[in-house]
Amino acid sequence: MKWAAFGLWLAVAPVTALAYTAYVTNERDNTISVVDLDQMKTVKTLPVGQRPRGITMTKDGSQILVCASDDDTIQIIDAATLRIVGDLPSGPDPETFALHVSGNPLYVSNEDDNMITVIDIPTRKVLAQVPTGVEPEGMAVSPDGQTIVNTSETTNMAHFLDYRTRKLAAAVLVDARPRVAVFKHDGSEVWVSSELGGTVSVIDPVKHVVTHKIAFQVQGLRAEAIQPVGIRFTADDSTAFVALGPANRIAVIDTDTYKVKKLLLVGQRVWQMAFTPDQKYLLTTNGLSNDISVIDVANLDVVKSIQVGRLPWGVVVSPK
Amino acid sequence: MKRQVLLFQAGVLLAAAAPGPRDPDWPCQQIKITHLSLAAVWSGPALDGLHGDWREDPQLSDLVQDLAQRRVPLDQAQAKIRAFAVQAGDQKATKLLLALSAVFDLLDSERSSVIDGLDRFGARQKELAATLREDTEKLRVMQADPASDAGEVNQMVQRVTWEAQVFQDRRQALSYSCEVPSKIEQRVFAIARSIQEALE
């Protein structure tokens, strides 16, 4: 009986393991594509607010949060019914946000008024507004929630803000047009991508210095086509993935040596990424080919591309 | 009042037309990339060192024409790749790589002409902006001078209005034209991907 049950488990496991749903914001269509990762296809398209970009989910997977940048709001979508059930007071022009590792609060970057708005998700109330550098762009929160990093396109800096005092602790110069900032899960490093500079700066968040700079080369491609944007670390922090924009490649980086160990051709103008919760797959949004690519993380190859709406920007995978 | 609004609009238009620092004549928001790179769309077998001329093979030539012509819808072009792959037999790999190489060159050259056209357009738009700026200034001077001839002032108002209108119309047409290089790039990528799939 026990063995029979085990056999059944084996037969069922691969199916249940894949039954995740991904949600993709389509910046030009003002929609979200709902992608069934079991069938590997878009199963539904939801109209949302104008110019949807940043997207995340609450930790319990019950709600999807979407920055509707041109509507100056963050919409809350019920993941079960796929209905818009409310909004969060995001402040003007929310482009992107970061969820605290515990699932609350939410830190929102407001490009227009040079602020970071901190929101308590359950009560939908603003906890704090923290002034930042000029035109905040990318955003990251340290695992302990005490340091907020935001990148500024105007000053080419990563600003380190102390959450408790709401004061600027340090500003670290990086290469031109910094975009995305991401902490390693262990909090030991912050990686910042520079879209025009074509590099990723690795920053020590305590000493506030750049410890390594990662450059990229794709044979046959001009340097200006290499525009790093999205960054993701595996759960064990051993491998990083960097999206290279119009180079249409994802760079796979060994985080011990800071060396690029593989380049994967995905879709056009690759922008942001998200892992499935089991870390089996990494999804990439490809803004120009209007699709997402599915990367097999263990084998480091692209196994599928799935059509979504126009100008896909962000992606999140349900933890369920 | 109306004239003030007009002057204000002209100012806004000119501000919006301010060129980027990289290439003074380039009129689009998109970063100007003069040529496509094969490496941006292809990570399969190398295309240099292929033998044969696609023009000498009638079927291959038909395929290349269909793939390179943007009026052939992409799904039809992709269906043609699949059909060609089946009938090409053991020549499949060589012929599809020749097709890819040819389509890439044709579409890249078409895209380059579009880029050149946009550059010329940008230069003309800049000239018009300079004229509009000068005429707007002249009008301001004329309006401030009590001795100005009312008929001449009126003529100048009409002229500035017309120039502003042309400027704006062109600017609206531009947003579509600036998308064309991307559209060509999308087609090249989609065709390369279909050829890659047909080779697997």
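The values are calculated or read from the model by the stated rules, or taken from the named source; none is laboratory data. Every value quoted in this text rests on a predicted model; they were computed, and no experiment measured them. Cβ: placed from backbone, ideal geometry, glycine included. Neighbour counts: every protein chain shown.
Check residue B:118 against each of (1) within 15 Å of the chain's Cα centre (by Cα); (2) within 14 Å of another protein chain (Cβ to nearest Cβ); (3) surrounded by 20 or more Cβ atoms within 10 Å (Cβ to Cβ) and name the one condition it does not meet.
(2)
State whether the residues of region B:61-71 include one that is within 14 Å of chain A (Cβ to nearest Cβ) and either within 17 Å of residue B:85 (Cβ to Cβ) or part of a loop (DSSP other than H, G, I, E, B) (or both).
no
Among the residues of region A:27-82, count how many are surrounded by 18 or more Cβ atoms within 10 Å (Cβ to Cβ), among the hydroxyl-bearing types (Ser, Thr, Tyr) and farther than 23 Å from residue A:286 by Cα.
Residues flagged as surrounded by 18 or more Cβ atoms within 10 Å (Cβ to Cβ), among the hydroxyl-bearing types (Ser, Thr, Tyr) and farther than 23 Å from residue A:286 by Cα within region A:27-82 amount to 2.
Looking at this structure, is residue B:182 hydroxyl-bearing (Ser, Thr, Tyr), surrounded by 15 or more Cβ atoms within 10 Å (Cβ to Cβ) and modelled with pLDDT under 95?
For residue B:182, the condition - hydroxyl-bearing (Ser, Thr, Tyr), surrounded by 15 or more Cβ atoms within 10 Å (Cβ to Cβ) and modelled with pLDDT under 95 - is met.
Residue-wise test of (1) outside any strand (DSSP E or B); (2) free of Cβ contacts under 8 Å to residues at least 40 places away in the same chain; (3) of a type in the set (Asp, Glu); (4) in contact with a helix residue (DSSP H, G or I) (Cβ under 7 Å, 6 or more places away or on another chain).
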residue	(1), (2), (3), (4)
A:61	yes, no, no, no
A:66	no, no, no, no
A:95	no, no, yes, yes
A:101	yes, no, no, no
A:113	yes, yes, yes, no
A:123	yes, yes, no, no
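Testing residue B:26 on (1) within 14 Å of another protein chain (Cβ to nearest Cβ); (2) not in a loop (DSSP other than H, G, I, E, B), one condition comes back false. Which one is that?
Here residue B:26 meets the rest and fails (2).
Condition (residue is of a type in the set (Asp, Glu), closer than 15 Å to residue B:187 by Cα and either surrounded by fewer than 19 Cβ atoms within 10 Å (Cβ to Cβ) or at pLDDT below 95 (or both)) applied to region B:81-90: is it met by at least one residue?
Our first condition is that a residue be of a type in the set (Asp, Glu); within region B:81-90, this holds for B:90.
If we keep only those that are closer than 15 Å to residue B:187 by Cα as well, we get none.
Scanning region B:81-90, I find no residue that is of a type in the set (Asp, Glu), closer than 15 Å to residue B:187 by Cα and either surrounded by fewer than 19 Cβ atoms within 10 Å (Cβ to Cβ) or at pLDDT below 95 (or both), so the answer is no.
Among the residues of region A:285-306, write down those that are part of a loop (DSSP other than H, G, I, E, B) and within 14 Å of another protein chain (Cβ to nearest Cβ).
Once the filter is applied, which keeps residues that are part of a loop (DSSP other than H, G, I, E, B) and within 14 Å of another protein chain (Cβ to nearest Cβ), region A:285-306 yields A:287, A:288, A:289, A:290, A:300.
At least 2 residues that are touching an Asp or Glu at 6+ places or on another chain (Cβ under 8 Å), surrounded by 23 or more Cβ atoms within 10 Å (Cβ to Cβ) and within 14 Å of chain B (Cβ to nearest Cβ) in each: list the strands (runs of 3 or more DSSP E) lying fully within region A:217-284 that qualify.
Those strands (runs of 3 or more DSSP E) do not exist here; none qualify.
Condition (residue is hydroxyl-bearing (Ser, Thr, Tyr) and touching a strand residue (DSSP E or B) at 6+ places or on another chain (Cβ under 7 Å)) applied to region B:22-42: is it met by at least one residue? Outline the logic, then answer.
In the first step, residues of region B:22-42 are kept if they are hydroxyl-bearing (Ser, Thr, Tyr); the result is B:34, B:37.
Remaining after also requiring touching a strand residue (DSSP E or B) at 6+ places or on another chain (Cβ under 7 Å): none.
Taking every residue of region B:22-42 in turn, none turns out to be hydroxyl-bearing (Ser, Thr, Tyr) and touching a strand residue (DSSP E or B) at 6+ places or on another chain (Cβ under 7 Å).
Among B:15, B:39, B:10, B:93, which is part of a helix (DSSP H, G or I), modelled with pLDDT under 95 and in contact with a Pro (Cβ under 8 Å, 6 or more places away or on another chain)?
Being part of a helix (DSSP H, G or I), modelled with pLDDT under 95 and in contact with a Pro (Cβ under 8 Å, 6 or more places away or on another chain) holds for just one of B:15, B:39, B:10, B:93, which is B:93.
Could you tell me how many of the residues in region B:142-165 are under 34 Å from the mean Cα position of the chain (by Cα) and exposed (fewer than 13 other Cβ atoms within 10 Å of the Cβ)?
3
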